[in-house]
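Sharing a structure here in structure tokens format.
The values are calculated or read from the model by the stated rules, or taken from the named source; none is laboratory data. On a predicted model such as this, the values are computed, not experimentally measured, just so you know. Note that we place each Cβ from the backbone using ideal geometry, even for glycine, and neighbour counts take in every protein chain shown.
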Amino acid sequence: MDKAFLFLLPEFFFSGNPGETVSQTVTFGNTSKTTLSFITRIQDWDRDSVGTKIYYDSNTKPLSNAKWITLSSNAVSVQPGENKQVIVSLTIPPDAKQLTHSMLFFYTGKRTGSTAEKCSQNWS
């Protein structure tokens, strides 16, 4: 199996004021000889008593900001030797008063639970 990719901006955080939209760019680079395809999934999370992250469906936790997030693409295919970018934007509601968070996963191949290859993004 020939899967090799470069993932720029592996973790990022947003900072902004109520009413603002802030954006960052994620770059995928394919160094393999085959096309790689990624799909996204946004999930809420918190930590258990020993600090391990636990993931939940989006918009189910009180501090979720999943509904504030938009992506320039929810799926991306990257040809061999190619780089592609996805813009991730967070629109902060005018009445936002507290720190929020969610997790963005980029999956390659079919999602099969623990066997899925994934890269994650974290933002507050």
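Condition (residue is out of contact with any Gly (no Cβ under 9 Å at 6 or more places or on another chain), at positive phi and either modelled with pLDDT of 90 or more or surrounded by fewer than 12 Cβ atoms within 10 Å (Cβ to Cβ) (or both)) applied to segment 27-44: is it met by at least one residue?
no
Follow-up. Suppose we filter segment 17-31 for residues that are over 17 Å from Asn74 (Cβ atoms), part of a strand (DSSP E or B) and not small (Gly, Ala, Ser); how many remain?
The total comes to 3.
Then there's this: Which residue out of Thr108, Thr52, Thr70, Thr91 is among the polar types (S, T, N, Q), touching an Asp or Glu at 6+ places or on another chain (Cβ under 9 Å) and at pLDDT 90 or above?
Thr91
For segment 56-102, give me the residue count where each residue is in a strand (DSSP E or B), out of contact with any Ser or Thr (no Cβ under 8 Å at 6 or more places or on another chain) and either touching a residue at least 60 places away in the same chain (Cβ under 8 Å) or under 17 Å from Ile39 (Cα atoms) (or both).
Residues flagged as in a strand (DSSP E or B), out of contact with any Ser or Thr (no Cβ under 8 Å at 6 or more places or on another chain) and either touching a residue at least 60 places away in the same chain (Cβ under 8 Å) or under 17 Å from Ile39 (Cα atoms) (or both) within segment 56-102 amount to 1.
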